[in-house]
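One structure is given below, encoded as structure tokens.
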Amino acid sequence: MTPEDTMRLLVALRSRGVTNMRVLTAMEQVDRARFVSPTFAARAFEDVPLPVASGQTISQPSVVGLMTQALDPQPRDKVLEVGTGTGYQAAILSKLARRVYTVERHRALTRLARVNHAALGLTNITQITGDGSHGLEEQAPFDRILVTAAAEDTPGPLLAQLRIGGSMVLPVGVSDHVQTLIKVTRTADGYEYDELSPVRFVPLVEGVEHD
Ligand code: SAH
């Protein structure tokens, strides 16, 4: 990541409303070129989503920034991410939290993410192949949950696996239609919902692909 790449990324993030210094610093530290396919390496620092293996996409940097800022992970937090892709968002979360578990339904992507994280020396991330809509019961409860694929409704198991006082950020809505980024906070009495912004994500799909 050259100083020009970093500058370009920071300008894009700030212009889209990513202002949290911890988030900006974490994003400066993670080289996005590592998470895109070599064909697209030259475009790694443009603020656009790009295609990756298994017909999936790496999220747009400003969307990663806004979601991370809304999630606001703290240094002692245990975080669950649903939808690893090639592992870019998980790498950023790993700079901000104690421990990150990330679940992906395409086995080929889980493996790729594992390689990418190892190459960057990120040792506090566990990559799991599975259907993340069920969460990760054996590691629950989580302080923070981030979902990077859109469901029509908030999956019940994810609500159940959120610690009281914890929060979850996720896109909800039908794929190819308007989706809304929401933040769910678990209180002692129940759940509070906040609508954040319109977004567009690939759908949350059931089951696992052994590709
Ligand atoms: N977080 C990624 C973005 C990945 S795109 C990044 O940092 O770039 C969303 C990912 O969610 C895709 O890889 C897709 O395969 C995955 N996905 C969709 N439904 C899923 C499910 N039920 N469980 C786990 N992963 C899922």
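The accessible surface of the range 111-211, taken with every protein chain in place and a 1.4 Å probe, is 51 percent carbon and sulfur.
Remark: relative contact order (the range 74-211) = 22 percent; criterion is Cα-Cα distance under 8 angstrom and separation of 6 or more residues.
The H on the amide N of Gly130, modeled in the peptide plane, is under 5 Å from the matching H of Glu104, Arg105, each at least 5 residues off or on a different chain. Under 5 Å between amide hydrogens, built in the peptide plane, is the criterion, and for Val52 it picks out Thr57, Ile58 among residues at least 5 positions away or on other chains.
Remark: the range 33-40, residue by residue, has Karplus-estimated 3J(HN,Hα) of 4, 5, 9, 9, 6, x, 4, 9 Hz, where x stands for each Gly or Pro and the curve is 6.51 cos²θ - 1.76 cosθ + 1.60 at θ = phi - 60°.
Excluding ligands, DNA and RNA, the accessible surface per residue across the chain is 46 Å² with a 1.4 Å probe. Here the Kirkwood formula puts the hydrodynamic radius of the chain at 16.9 Å, using every distinct Cα pair. Net charge dipole, the chain: roughly 700 debye, given to the nearest 20, about the Cα centre with Cβ charges of +1 for Lys and Arg and -1 for Asp and Glu.
Once both labels are modelled 7 Å past Cα along the beta-carbon direction, what's the His177-Arg14 spacing in nm? Between His177 and Arg14, the label points sit 3.9 nm apart. Backbone geometry of the range 51-65 corresponds, through the Karplus equation with coefficients 6.51, -1.76 and 1.60 at θ = phi - 60°, to 3J(HN,Hα) couplings of x, 10, 4, 6, x, 9, 9, 8, 5, 5, x, 5, 6, 4, x Hz, x marking Gly and Pro. For the range 8-13, 3J(HN,Hα) computed residue by residue from phi via the Karplus equation (6.51, -1.76, 1.60; θ = phi - 60°) reads 4, 5, 5, 5, 4, 5 Hz, glycine and proline entered as x. Using a simple spin-label model with pseudo-atoms 7 Å out from Cα toward Cβ, Arg43 and Arg107 lie 3.1 nm apart.
The values are calculated or read from the model by the stated rules, or taken from the named source; none is laboratory data. Since the structure is predicted, the reported quantities are computational estimates derived from the model, not experimental observations. No Cβ is skipped: glycine too gets one built from the backbone with ideal geometry, and neighbour counts run over all protein chains shown. All accessible areas refer to the heavy atoms of the entire protein, side chains included, with ligands and DNA or RNA removed. Shrake-Rupley method; radii C 1.70, N 1.55, O 1.52, S 1.80 Å.
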